[in-house]
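What follows is calculated from the coordinates using simple rules that are stated; it is not laboratory data. These numbers were taken from a predicted model, which means no experiment stands behind them. Here Cβ is always computed from backbone atoms with ideal geometry, including for glycine, and neighbour counts include all displayed protein chains.
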Amino acid sequence: MKKGILALILGTLTFSALADDSNSDLVKRGEYLARAGDCVACHTSKDGKPFAGGLPMVTPIGTIYSTNITPDKSTGIGDYSYDDFQKAVRHGVAKNGDTLYPAMPFPSYAVVNDDDMKALYAYFMHGVAPVNQANQDSDIPWPLSMRWPLAIWRTVFAPEVKAFKPAEQEDPTLARGRYLVEGLGHCGACHTPRSITMQEKALTNNEGNDYLSGSSAPVDGWTASNLRGDNRDGLGRWSEDDLSQFLRYGRNDHTAAFGGMTEVVEHSLQHLSDSDITAIARYLKSLGAKDPHQTVFSVDEATAKALWKGDDHQAGASLYVDSCAACHKTDGSGYQRFYPALRGNPVVLADDPTSLIHIVLVGGELPGVKGAPSTITMPAFGWRMNDQQVADVVNFIRTSWGNKSDKQVSAKDVAEQRKDVKDRTGSADIKVLEGK
């Protein structure tokens with residue numbers, strides 16, 4: 001009995017020493033891991049202080065706001081013990097016993113090992129500046145705002161909290177990539193389709209090829225891409241180096257990041273070590289196709305030749321020449337690692353055109369990062385193109401240069417997205433041509 005008590009005391013003292021702010025190595029490691037988890041992106045509002053929360057997240061049942069995870073004792077997590085912290089991160093249970101909304105990806109974090117959890121705790125307690133900022137209540141109406149159903153959801157759908165272990169004889173690089181993708185990187189939270197009850201259809205590749213096959217519904221107007229080995233809308237035509245370039249810089253010879261992925265590159269991926277970037281790329285390239293019967297994209301020169309001859313009679317062609325061709329060229333090839341190619345682009349080839357409509361309406365910006373300092377900007381066209389014009393140019397892009405799409409975008413589809421953007425952002429520019 002005495003030995004057990006002594007061991008407990010020594011263990012507590014050992015961890016206290018590890019978590020002390022004088023242990024800069026542990027805090028520094030925790031900072032790296034927090035970047036790998038991209039914690040700052042969700043827990044920082046626009047123009048807000050890091051990790052102070054307040055970022056709105058629009059869900060099908062209402063808007064929730066990220067919480068303050070700085071070590072402020074009254075409004076943040078400053079009074080969290082290590083056990084409180086790991087329960088929140090891995091189990092989805094707050095210090096007061098409430099179940100967290102699954103917008104917090106605790107189903108992914110369930111595999112994070114104890115050593116990494118302790119480093120994260122040390123960082124958030126000693127490496128983050130405390131900010132006194134009260135958490136904001138959700139805008140979810142009653143009775144959907146009640147927390148107790150979330151506990152049932154967690155019991156039914158959240159996985160067992162169990163530290164990641166490499167498979168027997170698994171290549172160490174692949175194992176590291178799998179740990180980062182399935183765990184701290186929580187890639188499946190965006191890139192895996194969800195069931196009607198909002199749980200991810202698969203949390204690992206072992207649970208089926210729905211894993212990382214692309215989102216089932218748009219979030220903030222964007223759809224997350226297929227990260228599996230499909231030949232058209234996935235990564236089947238990318239090499240490991242192509243993927244490493246994209247992860248590191250947000251751009252490669254095929255495309256450039258947009259939407260929420262720009263924040264992942266800016267806040268997380270650009271800061272990872274070369275070995276971790278390689279591990280993630282290698283693991284993603286090991287995934288099979290969701291649809292192994294997809295044909296490989298091949299270039300068709302007919303549209304480019306027609307435009308070269310001045311033939312722009314096809315719906316959307318003249319709009320493309322006037323507004324898009326200067327950056328993406330009349331053959332859709334773009335400028336490598338700057339203005340992305342549109343021909344053969346997996347986003348363009350995806351069944352769901354939401355992201356393409358959205359970027360035409362509101363534009364986008366990929367900030368410069370280490371090793372690729374130039375900012376890439378896509379201007380918004382929603383202010384000067386009406387709904388039918390946006391539909392025409394999107395359909396032109398999705399059916400030219402070898403791109404083939406059976407789904408036609410209608411003016412109604414564009415109008416719905418225009419309204420969604422206006423409702424979420426209150427933007428006046430997006431509604432200038434509404435109804436025209």
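Were the residues from GLU168 through ASP79 laid out at 0.36 nm apart, the gain over their Cα-Cα distance would be 28.0 nm.
For the range 202-263, rounded, prolate or oblate, judged on the Cα gyration tensor with a ≥ b ≥ c (square roots of eigenvalues), a/c < 1.5 rounded, else prolate if a/b > b/c?
On the way: a/c = 1.92, a/b = 1.17, b/c = 1.63.
Taking the square roots of the gyration eigenvalues as a ≥ b ≥ c, the range 202-263 is oblate.
Largest first, the three principal axis extents of the alpha carbons in the range 235-294 are 36, 25, 18 Å in whole numbers. Under the simplified labelling scheme, the HIS91-PHE157 pair shows an inter-label distance of 2.0 nm, with each label point 7 Å from Cα along Cα→Cβ. In plain terms, the C-alpha convex hull of the range 65-129 casts an average shadow of 4.2 nm² when viewed from every direction. Once the GluC sites (Glu not before Pro) in DSSP loops with at most 15 neighbouring Cβ atoms within 10 Å are cut out of the chain, the longest remaining piece is 1-159. Extent of the range 96-138 along its three principal axes (Cα atoms, max minus min coordinate, largest first): 32, 27, 17 Å.
How high is the FRET efficiency from PHE338 to LYS422, r the C-beta distance, R0 45 Å, rounded to 0.05?
Details: r = 30 Å, r/R0 = 0.68.
Step by step, r from the Cβ atoms, then E = 0.90.
Let me know the shape class of the range 362-430, please: from the alpha-carbon gyration tensor, a ≥ b ≥ c as square roots of the eigenvalues, rounded when a/c is under 1.5, otherwise prolate if a/b is greater than b/c, or oblate.
Details: a/c = 2.57, a/b = 1.22, b/c = 2.11.
Since a/c reaches 1.5 but b/c is at least a/b, the shape of the range 362-430 is classed as oblate.
Expressed as a whole percent, the proportion of Cα-Cα pairs in the range 187-297 lying more than 16 Å apart is 60%. Our analysis of the range 104-196 gives Rg over Rh at 1.04, with the two radii drawn from alpha carbon positions and Rh computed by the Kirkwood formula. When only alpha carbons of the chain are considered, Rg and Dmax amount to 23.3, 90 Å. For the range 322-350, the residues whose amide N sits under 13 Å from a probe point set 7 Å from the Cα of ASP300 along the beta carbon direction are 344. From the Cα gyration tensor of the range 160-238, with a ≥ b ≥ c the square roots of its eigenvalues, which class applies: rounded if a/c is under 1.5, or else prolate if a/b is larger than b/c, or else oblate? Taking the square roots of the gyration eigenvalues as a ≥ b ≥ c, the range 160-238 is oblate.
Report the trypsin sites (Lys or Arg not before Pro) located in the range 143-183 that are in a DSSP loop and have at most 13 other Cβ atoms inside 10 Å of their Cβ, or state none.
Values: sites: ARG147, ARG154, LYS162, ARG176, ARG178; in loops: ARG147, LYS162.
Filter output for the range 143-183: ARG147, LYS162.
The length gained by stretching the chain between SER275 and TRP148 to full extension, at 0.36 nm per residue less their Cα-Cα distance, is 41.5 nm. Between ALA103 and LYS404, what is the spin-label point distance in nm, taking each point 7 Å from the Cα along the Cα→C-beta axis? It works out to 4.1 nm between the two label points.
Here the Karplus curve 6.51 cos²θ - 1.76 cosθ + 1.60, taken at θ = phi - 60°, turns the phi angles of the range 90-106 into couplings of 9, 9, x, 10, 6, 4, 7, x, 5, 7, 6, 5, x, 4, 7, x, 5 Hz, with x standing for Gly and Pro. Here the relative contact order of the chain, from alpha carbon pairs under 8 Å that lie six or more residues apart, stands at 12 percent. Peptides 369-376, 45-52, 127-134, ordered by how many other C-beta atoms sit within 10 Å of their residues on average, highest first, read 127-134, 45-52, 369-376. Note that the range 285-355, at 25 °C in a medium of 0.890 mPa s, gets a Stokes-Einstein diffusion coefficient of 176 µm²/s from its Kirkwood radius over C-alpha pairs.
Considering all different alpha carbon pairs of the range 38-164, the Kirkwood hydrodynamic radius works out to 15.0 Å. Extending 7 Å from the Cα toward the beta-carbon at both SER239 and ASN206 defines two label points whose distance is 3.3 nm.
If you bin all the Cα-Cα distances of the range 308-436 at 5 Å, starting from zero, the percentages per bin are 2, 10, 20, 23, 20, 14, 8, 2, 0.
Expressed to the nearest 5 percent, the antiparallel share of DSSP beta bridges inside the chain is 95 percent. Listed peptides 101-111, 380-390 appear in the order 101-111, 380-390 once ranked by packing, highest mean of other Cβ atoms within 10 Å at the front.
Legend: calculated FRET efficiency, TRP308 to MET198, from the Cβ-Cβ distance at R0 = 41 Å, rounded to 0.05, equals 0.25.
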